[in-house]
Structure formats: C-alpha cells, structure tokens
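Reviewing the structure listed below.
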Amino acid sequence: MSISLNVVDLRPDLRMVRDSGPGQAYLLRRGRSAVVVDTGIAGQGDALAAALRDWGLDRDALTHVLLTHWHPDHAGSAAELAAWPGVQVWAHHSDAGIIRGDHPGTLPALTHAEEGLYAHIAGSIPDAPPCRVDRELADDEVLDTLKAQVISTPGHTDGSIALLFEQDGVVFTGDIATEYEGNVILGPFNHDRSEARASFRRFAALDVDTVCFGHGQALRGPDTKKLRAAATAETVPDPLG
C-alpha cells in the first residue's frame, strides 16, 4: 500500500499527517502500538487510520491522543479518535474543559500584523466537536506509562503544552514555536504574548533528534539546533509581534 501525499515520513517510527486546512497530526509508533500528538481539523480519522494501516497497524493499536492545546486545528478530530477502541485522550487541565465543550475558549490577543492572517485562517477551520478528556495533565508532569514529559508552555492558550519523548529523541512543541522558511519563531495568535515568549525560552535546554511543530516543517539532526538558538537568542524571534 502506498501512503497518501498528505503523509510525511519523518523517521521509520514517526509520521506527520497533514489535513486539508492548517492543521497536522503526528503518529509516533512504539512497537505494535502508537500514539497521536494533535489530530488536525475535524474529519481526519480515516487519514490517520490509513497511516496506521501502512505501518501494518489497526485502529486498536492507537493507545493515546495527546493534545498540546484546545484549538480546533489541533483537537478537531479528537472526538472521532476517542471513539476508537481503547483510546485515551489526555490534555492539560487548563484546556480540558474547553475540549469537553463545557465552556468556550478565549480568542487570542492579536497584534495588528496578525489580524488579516487570523481572519483568513480562522474562517476556514471547522469547530472541534466536544471530546472527553480521560486524564488532565499537570504542569511538567512525567508520564511514566509513555516515557514522556509534559513541558508546560502557557501563553498560546492557558493549557498549552509541549511533549518531550526523551528516549525517542523527539519533542512536539505545539504552537508556542513554529517553523517558517527554515527559521524557528514564536507561534502566532497567542492568548498572552508575554507569557508565550517566556514559554518559548523553555526549549533552550532540549537536546533531541527531531523537533515537531504544530505548524511548519519538522527539524531533524543538526537542524534541531535552530530551536535552541532561537530560544536562547537575546530577543525571542517574533516577526508578527
């Protein structure tokens, strides 16, 4: 079986699945099981199932949906995946109520430079259906069963997180950082820009083989140093600030 053009193999155990909008999901294989980090916009279940099948895995191989934050280009397909057998949905406690549909999320505090871009993108993203959250994550919690760690990165949303899989050599930054034209910059559309800049600095100490962003191309090998360089720069790279 040949995989779709919307699937990018980053490593033999790691795939990025792009959707028809601005979102993208990541599948990380752990032997005969897999986890997904973020889900893209609503309606991506079939694409993710196909990417699993190409690995020789069925839907029941997916054990966890890990959400870096509540925005609908990240949590859009969470409810669909949550209906698969045995899947647990984990998200930070500050965003869990929004993901469940208990209350709406707050709009970002846009800079003037972001306003046009946000109007263009936001209108193309369907709302995320409410989804249960099986476990509410705490700041910097160690996830022993997944051999992963939560990196608390508030500012994009109150409950924004990055996820570090140190043994796998990969970090998922969520939207605090993004790749744009080969550079690493602060992600746009933040709830609290000052807090987001402080969170961006938390990537300064990471040493990984692969960096996966909520938007933009992943970094591999020596290119991962770009994340550390941006996080330790005198001024956080913020072209839309």
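Just one of (1) open to solvent by less than 10 Å² (accessible area, probe 1.4 Å); (2) in contact with a strand residue (DSSP E or B) (Cβ under 7 Å, 6 or more places away or on another chain); (3) more than 20 Å from Gln149 (Cα to Cα) trips up Pro239, so point out which.
(1)
Condition test on Arg29, is it part of a strand (DSSP E or B), open to solvent by 10 Å² or more (accessible area, probe 1.4 Å), out of contact with any Ser or Thr (no Cβ under 8 Å at 6 or more places or on another chain) and modelled with pLDDT of 95 or more?
The answer is yes for Arg29.
Any chance you could count how many residues in region 167-183 are more than 14 Å from Thr153 (Cβ to Cβ), outside any loop (DSSP other than H, G, I, E, B) and not polar (S, T, N, Q)?
As a first pass, look at region 167-183 and keep what is more than 14 Å from Thr153 (Cβ to Cβ): 167-170, 179-183.
If we keep only those that are outside any loop (DSSP other than H, G, I, E, B) too, we end up with 170, 179-180, 183.
Now narrow it down to the ones that are not polar (S, T, N, Q): 170, 179-180.
So the answer is 3.
For region 112-154, which positions are part of a loop (DSSP other than H, G, I, E, B) and in contact with a strand residue (DSSP E or B) (Cβ under 9 Å, 6 or more places away or on another chain)?
If the condition is that a residue be part of a loop (DSSP other than H, G, I, E, B) and in contact with a strand residue (DSSP E or B) (Cβ under 9 Å, 6 or more places away or on another chain), then Ala128, Cys131, Arg132, Val133, Asp134, Ala138, Asp139, Asp140, Glu141, Lys147, Thr153, Pro154 are the ones that fit.
Taking region 77-125 on its own, how many of its residues are touching a Ser or Thr at 6+ places or on another chain (Cβ under 6 Å) and of a type in the set (Gly, Ala, Ser)?
2
Please go through region 83-111 and pick out each residue that is part of a helix (DSSP H, G or I) and either crowded, with 18+ Cβ neighbours inside 10 Å or at pLDDT below 95 (or both).
Residues satisfying the conditions are Ser94, Asp95, Ala96, Ile98, Ile99.
The values are calculated or read from the model by the stated rules, or taken from the named source; none is laboratory data. Source: prediction; values computed, not measured. Here Cβ is always computed from backbone atoms with ideal geometry, including for glycine, and neighbour counts include all displayed protein chains. These area figures cover heavy atoms from the full protein model, side chains too; ligands, DNA and RNA do not enter into them. Shrake-Rupley method; radii C 1.70, N 1.55, O 1.52, S 1.80 Å.
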